[in-house]
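Everything on this sheet refers to the single structure shown next.
The values are calculated or read from the model by the stated rules, or taken from the named source; none is laboratory data. Because the structure is predicted, anything quoted here is derived from the model rather than measured. Counting neighbours? That spans all protein chains shown, and the Cβs are built from the backbone with ideal geometry, glycine included.
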Amino acid sequence: MNYNVFFIIAGCMWGIELIPQLIKTLKTKKVEDISLFFPFLCLSAYLCFFIGCIGQENWMLLFSHLLPFVNLTWLLILILKYRKKK
């Protein structure tokens, strides 16, 4: 059995999970309740993951997780853009 399909499914699911939050943030422009720690920690984990994939030359696994990385980056940009300065 080829288990690589599970990596692709997981990458798609992780990419889709943030879409409702992104849409809500774009509509309401409210980000005060979203922690900055969450996207920074997740992006750091993805960067480590990508370095590992590149080191092992596992391109399928790397590309299957690009969508969640892009969505997290987008969410972080929205948080930084809409967060009220105190």
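Residues that are modelled with pLDDT of 85 or more and assigned to a loop (DSSP other than H, G, I, E, B) occur in segment 12-25; there is at least one. No other residue among 86, 30 is modelled with pLDDT of 85 or more and either assigned to a helix (DSSP H, G or I) or not aromatic (Phe, Trp, Tyr) (or both) apart from 30. Scanning segment 36-86 for residues that are of a type outside the set (A, V, I, L, M, F, W, C) and loosely packed, with under 12 Cβ neighbours inside 10 Å yields 44, 55, 56, 57, 81, 84, 85, 86.
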